[in-house]
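Novice: Have a look at this one before I ask anything.
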Amino acid sequence: MIKDQEYLEQKSSFCLDLAKKFGASDASVIVSNSISETVNFRNQKLDESNRSDNLAIGITTYIGKKKSSISSSNLLDDNLKILIKKCVETTKNTPEDEFNSLPDKDLLAKETKNLNLYDDTHIKNDIKIEYLTRLEAEASKEKKIINTESSFTEDKSNFILANSDGFCKGYKTSSFTASSVTVAKDDKSMERDYEYTSKCHLKDIMNAEELGKISSEQTIKKLSPKKIGSDKIPIIFDKRIAKGILSTFASAISSSAISRGTSFLKDKINQKIFSNGLNIFDKPDILKGLGSKSFDSEGVKTETLRLVEDGVLKNYLIDTYNGKKLNLKSNGRCGGTSNLYFDNGKISLKDLLNLNSKCLYITETIGHGSNLVTGDYSVGATGFLIENGEFKFPINEITIAGNFKDMFKNITLANDLEFKYSTNSPTMMIEGMVVAGK
Amino acid sequence: MSNFFEKSDLSRNEAENIISDTLQKCDDGELYLENSKSESILLDDNKIKNSSYSSDLGFGLRAISDEIVAYSHSNEISKNSLKQSSENLKETLKSVKGTYNHSIPKSNKKYYENINPIEQKSLNEKIEILNKVNNYLRSTDSNVKQVTANFLGEQKSIEIIRSGGETLTDVRPLIRFNVSVMLEKNGRKETGVYGVGGRQSYDNYLKEDNWKNVCDEALRIASVNLESKPAPAGEMKVVLGPGWPAILIHEAVGHGLEGDFNRKKTSAFHNLMGQKVASEGVTIVDDGTIDNRRGSLTIDDEGTPTEKTVLIENGILKNFMQDRHNARLMKTRSTGSGRRENYRHIVLPRMRNTMMLNGKHTQEEMIKSVDKGIFAVSFGGGQVDITSGKFVFNCTEAYEIINGKIGSPIKGATLIGDGPSILKEVSMVGNDMMLDPGIGTCGKAGQGVPVGVAQPSILINKITVGGTKL
């Protein structure tokens, strides 16, 4: 069983009291427990089971403007005493930083909203095995599928965040995740693809057969890929890739990148950085939302932010430390975004595919080719050639490259947004990028 | 050495009984105990931004029957917790009938000393060096706009208890020192990053003014990039410099030679054992036995002593890297490659220090032979799709080659190639093999482990460069 609120609160107040006793002027603590149970299948047989029970504690102590932190998975009182003593000692020896402090009291969350993020259902491994059996039976139906792997994970977490200004809140969350990975083969090639579903509540996950079927279909479609020549050509990003571009945008407007001057979006506030009509939201209070939260990792309340309005950058993502440095108030984004999304575009996916006589549809990228300082982007890619709105043949061993500053201004979005992940985008087209191939 | 049972209601004897009881009729398994201590001290934006310390303690109990692996882990080393894990494993392995495999080879060799690097240098000394780094870089070049420098230190103690009470232990030190610098000139910004590390005390890497060399290298890379122009797009010849660019080998062929992907037949190499997979003259080994290296291990995370495993010899595929589980199912032996990030994770076959050995050519010969191509000196990270064999890596320092001469620096670009065929495109192997500076972390199935790479300069006939200039 997952540790209850009472146990976590008792540990957190024990730590805060000790920190004060050893000489800290302020302190904050997070105590968490998560239990996760996974079953893995391979080629329609049980392959692995994994149970994980994680306790963790993180403590930050302040002496005036000096700060240091410790973390541990050993919650025995004796161990915590040694660690907190060490933390306060280290704090004394760490130089001052004028921007170090707990969050402003009036910004702290007053309540924990009921966002319906916890489903108490516990399912035995036998039920997971039954789901995966159905999933893999469907995924293996086609002859070309030579290997299937799938997994089912049930996750339950609980935490308490507390600080010496009296903040003490936390809540339980759960997730149920199933995934399917399939490998297909023909005489020319071997390819792999996947599909997964993840929800806070068990009854909301995709059914097993559908998951297996999508994974298998997507994989078979990739067989016998060709390499194309280098060219400048419109690129359409599948939703699962488009969300990554949105995540890069979020990293570039984090107050830490802005205050350090290491973002290509520094000084762009209130300027047009995206195409006309584009809107980006970060909405923390979506019921059952995968990124939903009542407050950020410092306890600051979170409200919906309109980050981009009609192409214009309106807000950074601000935490306490970097906010003070930039002379801005925290907007509750320590630890990043919540449910981040692009608003729907105006045209259907079909119309988007038909906008150009020839384009590339990208379903997977590999490599870490985003440079946040310069905005340069270059990654390996896999996908399909599209002519007159129709999928012609699969493509691989190419790269796509551009600079985000130009890419953002050449985005056209379809109207097929869905909330499948915590960061979501409709299908996205970007014009003006360069493909390197043969 | 950690005494894991000192403050627990669980005695060593009771633990051994639970292990033997759980693993009866299983083919393999063990109790893995781990206690790690780590520190991180970060200077950024002219200030000490972070000084943190972490201590992590836990166990993982594993039972294997035929192809099925059952694993359970917890932070609480207690009677209750171990029993609960044991029950969880038994629930998965309902009807087992294996034979426990006892044999673990023994070795007395050690590849690093039993030290705790964190305690060997005081916090104040570490802060002082970081401040010196910041001042040195900012006073050396007026274009320096941002400096980040950090120390990471770790000591990890592990103990493996097998059925019948056989016990294996190891204490592993690891440190890393990293510098990142951003320059701004005429409105243009570029960064340079360099670092050093391994399984020794900080002083081995910082003695005299060694930290200055790390700063100089980061600054040099950033300065080169300030002058860079857009990279070309398309297929061309590429000369790779020695040392760290060997992550090409790690991504392109290393992962594809790990035992699990080959047992499952999802690697593009699974049916190529004994066949020619690389040009003549190409020999690649994976070596866990080099003193004090980041990827070295005295024993792996299953207790098997590490070794130098020949993967490809003169172009012929000789061996895969194996942990005990995959080795048993493939009817071969473990190569001491069973590794895990920590007790929260199952063991997988992983790389240690992956190295291409010397050939006979010089770098100069290679560059002279190229009419149009690029010379890649340093890389960021890489990634591979095991199944299709396609791999990428990102250049962080590269130059164009025109008519046999090195030209202007070019902007960071991704290179993409095909793993199984790339080594056949190697047309010259250099005589200047170098180890990387000790900074690599390899990710697989969500687990990061420290690794090393090494290679001499090599010439590749054809690889796709992902630039923007058509």
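The values are calculated or read from the model by the stated rules, or taken from the named source; none is laboratory data. These figures come from a predicted structure and were not determined experimentally. Counting neighbours? That spans all protein chains shown, and the Cβs are built from the backbone with ideal geometry, glycine included.
Novice: Which residue is farthest from residue B:173 (Cα to Cα), if the candidates are limited to segment B:50-67 and must be touching a strand residue (DSSP E or B) at 6+ places or on another chain (Cβ under 9 Å) and surrounded by fewer than 21 Cβ atoms within 10 Å (Cβ to Cβ)?
Specialist: B:67
Novice: Among the residues that make up segment B:242-262, is at least one of them outside any helix (DSSP H, G or I), surrounded by fewer than 20 Cβ atoms within 10 Å (Cβ to Cβ), in contact (Cβ under 8 Å) with a residue 60 or more places away in the chain and more than 14 Å from chain A (Cβ to nearest Cβ)?
Specialist: Checking segment B:242-262: not a single residue is outside any helix (DSSP H, G or I), surrounded by fewer than 20 Cβ atoms within 10 Å (Cβ to Cβ), in contact (Cβ under 8 Å) with a residue 60 or more places away in the chain and more than 14 Å from chain A (Cβ to nearest Cβ).
Novice: To continue, here is another question. Within segment B:77-92, which residues are within 7 Å of another protein chain (Cβ to nearest Cβ), crowded, with 20+ Cβ neighbours inside 10 Å and not hydroxyl-bearing (Ser, Thr, Tyr)?
Specialist: Correct list: B:88 only.
Novice: Which of the residues that make up segment B:392-414 are buried (at least 20 other Cβ atoms within 10 Å of the Cβ) and either part of a loop (DSSP other than H, G, I, E, B) or more than 8 Å from chain A (Cβ to nearest Cβ) (or both)? Quick ask: steps written out before the conclusion?
Specialist: Residues of segment B:392-414 buried (at least 20 other Cβ atoms within 10 Å of the Cβ): B:392-401, B:409-414.
The answer is B:395, B:396, B:397, B:398, B:399, B:400, B:401, B:409, B:410, B:411, B:412, B:413.
Novice: Answer yes or no: is there a residue in segment A:322-329 that is surrounded by fewer than 22 Cβ atoms within 10 Å (Cβ to Cβ) and on the phi > 0 side of the Ramachandran plot.
Specialist: Yes, the conditions are met somewhere in segment A:322-329.
Novice: Please work out which residue is surrounded by the fewest Cβ atoms within 10 Å (Cβ to Cβ), limiting yourself to segment A:51-82 and to residues that are of a type in the set (Ser, Thr, Tyr) and more than 7 Å from chain B (Cβ to nearest Cβ).
Specialist: If we filter segment A:51-82 for residues that are of a type in the set (Ser, Thr, Tyr), which is where we start, we get A:52, A:60-62, A:68-69, A:71-73.
The next check asks that each one be more than 7 Å from chain B (Cβ to nearest Cβ); those that pass are A:60-62.
Values: A:60: 24, A:61: 30, A:62: 22.
The selected residue is A:62.
Novice: Quick one: which residue in A:140, A:164 is over 30 Å from residue B:118 (Cβ atoms), away from chain B (no Cβ under 14 Å), in contact (Cβ under 8 Å) with a residue 60 or more places away in the chain and surrounded by fewer than 20 Cβ atoms within 10 Å (Cβ to Cβ)?
Specialist: A:140
Novice: Scan segment B:456-470 for residues that are part of a loop (DSSP other than H, G, I, E, B) and more than 23 Å from residue A:231 (Cβ to Cβ) and jot them down.
Specialist: Listed by number, the residues that qualify are B:456, B:457.
Listed here are the residues, each with its yes/no results for (1) within 13 Å of chain A (Cβ to nearest Cβ); (2) closer than 26 Å to residue B:440 by Cβ; (3) assigned to a strand (DSSP E or B); (4) without any contact (Cβ under 8 Å) to a residue 24 or more places away in the chain.
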position: B:147; (1), (2), (3), (4): yes, yes, yes, no
position: B:151; (1), (2), (3), (4): no, yes, yes, no
position: B:158; (1), (2), (3), (4): no, yes, yes, no
position: B:165; (1), (2), (3), (4): no, no, no, no
position: B:172; (1), (2), (3), (4): no, yes, yes, no
position: B:178; (1), (2), (3), (4): no, yes, yes, no
position: B:183; (1), (2), (3), (4): yes, yes, yes, no
position: B:192; (1), (2), (3), (4): yes, yes, yes, no
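Novice: Shifting gears a bit: Collect the residues in segment A:396-422 that are surrounded by fewer than 17 Cβ atoms within 10 Å (Cβ to Cβ) and either in contact with an Asp or Glu (Cβ under 7 Å, 6 or more places away or on another chain) or within 14 Å of chain B (Cβ to nearest Cβ) (or both), keeping them in residue-number order. If you could, list the steps in order and put the result at the bottom.
Specialist: To start, the set of residues in segment A:396-422 that are surrounded by fewer than 17 Cβ atoms within 10 Å (Cβ to Cβ) comprises A:405-406, A:410, A:415-416, A:418-420.
Across segment A:396-422, the qualifying residues are A:405, A:406, A:410.
Novice: Let me ask something else. Condition check: over 14 Å from residue B:251 (Cβ atoms) and surrounded by fewer than 20 Cβ atoms within 10 Å (Cβ to Cβ). Does residue B:433 satisfy that?
Specialist: Values: over 14 Å from residue B:251 (Cβ atoms): yes; surrounded by fewer than 20 Cβ atoms within 10 Å (Cβ to Cβ): yes.
So residue B:433 passes the test.
Novice: Out of the residues in segment A:105-126 that are surrounded by 15 or more Cβ atoms within 10 Å (Cβ to Cβ) and at pLDDT 95 or above, which is farthest from residue A:304 (Cα to Cα)?
Specialist: Only one residue tops the list, namely A:119.
Novice: List the strands (runs of 3 or more DSSP E) that sit entirely inside segment A:373-438 and contain at least 1 residues that are under 24 Å from residue A:271 (Cβ atoms).
Specialist: Filter on segment A:373-438 gives A:376-387, A:390-403, A:411-413, A:428-430.
Novice: Still on this model: Would you mind listing the helices (runs of 4 or more DSSP H) fully within segment A:196-311 where at least 1 residues are in contact with a Pro (Cβ under 8 Å, 6 or more places away or on another chain) and not hydrophobic (A, V, I, L, M, F, W, C)? Break it down into steps so the answer makes sense when it comes.
Specialist: Numbers: elements: A:208-221, A:239-252, A:255-260.
Because the criterion is at least 1 residues that are in contact with a Pro (Cβ under 8 Å, 6 or more places away or on another chain) and not hydrophobic (A, V, I, L, M, F, W, C), the helices (runs of 4 or more DSSP H) in segment A:196-311 that meet it are A:208-221, A:239-252.
Novice: Mind checking whether some residue in segment A:356-365 is in a loop (DSSP other than H, G, I, E, B) and either closer than 26 Å to residue A:205 by Cα or touching a Ser or Thr at 6+ places or on another chain (Cβ under 9 Å) (or both)?
Specialist: Among the residues of segment A:356-365, not one is in a loop (DSSP other than H, G, I, E, B) and either closer than 26 Å to residue A:205 by Cα or touching a Ser or Thr at 6+ places or on another chain (Cβ under 9 Å) (or both), which makes the answer no.
Novice: Let me ask something else. Taking into account only those residues within segment A:358-373 that are aliphatic (A, V, I, L, M) and in contact with an Asp or Glu (Cβ under 8 Å, 6 or more places away or on another chain), which is farthest from the other protein chains (Cβ to nearest Cβ)?
Specialist: Among them, the one singled out is A:362.
Novice: Which of the residues that make up segment A:11-34 are under 13 Å from residue A:163 (Cα atoms), away from chain B (no Cβ under 14 Å) and of a type outside the set (A, V, I, L, M, F, W, C)?
Specialist: Those that are under 13 Å from residue A:163 (Cα atoms), away from chain B (no Cβ under 14 Å) and of a type outside the set (A, V, I, L, M, F, W, C): A:12, A:13, A:17, A:20, A:25, A:26.
Novice: Next up: Could you count how many residues in segment B:324-383 are within 14 Å of chain A (Cβ to nearest Cβ) and within 27 Å of residue B:103 (Cβ to Cβ)?
Specialist: 11
Novice: Restricting segment B:3-49 to residues that are hydroxyl-bearing (Ser, Thr, Tyr) and surrounded by fewer than 17 Cβ atoms within 10 Å (Cβ to Cβ), which is nearest to the other protein chains (Cβ to nearest Cβ)?
Specialist: Of everything passing the filter in segment B:3-49, B:40 is nearest to the other protein chains (Cβ to nearest Cβ).
Novice: The conditions are (1) closer than 30 Å to residue A:175 by Cα; (2) surrounded by fewer than 18 Cβ atoms within 10 Å (Cβ to Cβ); (3) not basic (Lys, Arg), and residue A:389 fails exactly one of them. Which is it?
Specialist: (1)
Novice: Something else: Which one of these is in contact with a Phe, Trp or Tyr (Cβ under 8 Å, 6 or more places away or on another chain), within 16 Å of residue B:73 (Cα to Cα) and within 9 Å of chain B (Cβ to nearest Cβ): A:48, A:37?
Specialist: Going through A:48, A:37 in turn, the sole match is A:48.
Novice: Please determine, by comparing only the residues of segment B:263-297 that are within 14 Å of another protein chain (Cβ to nearest Cβ) and out of contact with any strand residue (DSSP E or B) (no Cβ under 8 Å at 6 or more places or on another chain), which one is nearest to residue B:340 (Cα to Cα).
Specialist: The qualifying residue nearest to residue B:340 (Cα to Cα) is B:263.
Novice: So, one more: Could you tell me which numbered condition residue A:8 fails, if it satisfies all but one of (1) out of contact with any Ser or Thr (no Cβ under 7 Å at 6 or more places or on another chain); (2) surrounded by 22 or more Cβ atoms within 10 Å (Cβ to Cβ); (3) assigned to a loop (DSSP other than H, G, I, E, B)?
Specialist: Condition (3) is where residue A:8 drops out.
Novice: I've got another one for you. Name the pairs whose Cβ atoms lie under 9 Å apart, with the first residue in segment A:256-272 and more than 10 Å from every other protein chain (Cβ to nearest Cβ), the second buried (at least 17 other Cβ atoms within 10 Å of the Cβ) and among the basic types (Lys, Arg), and 6 or more positions between them or separate chains?
Specialist: From residues that are more than 10 Å from every other protein chain (Cβ to nearest Cβ), the pairs are A:257/A:266; A:258/A:266; A:272/A:409.
Novice: Go through segment B:115-145 and give me each residue that's of a type in the set (Val, Ile, Thr), more than 14 Å from chain A (Cβ to nearest Cβ) and touching a Phe, Trp or Tyr at 6+ places or on another chain (Cβ under 7 Å).
Specialist: The one that is of a type in the set (Val, Ile, Thr), more than 14 Å from chain A (Cβ to nearest Cβ) and touching a Phe, Trp or Tyr at 6+ places or on another chain (Cβ under 7 Å): B:133.
Novice: Any idea how many residues of segment A:127-164 are closer than 21 Å to residue A:204 by Cβ, touching a helix residue (DSSP H, G or I) at 6+ places or on another chain (Cβ under 8 Å) and basic (Lys, Arg)?
Specialist: 1
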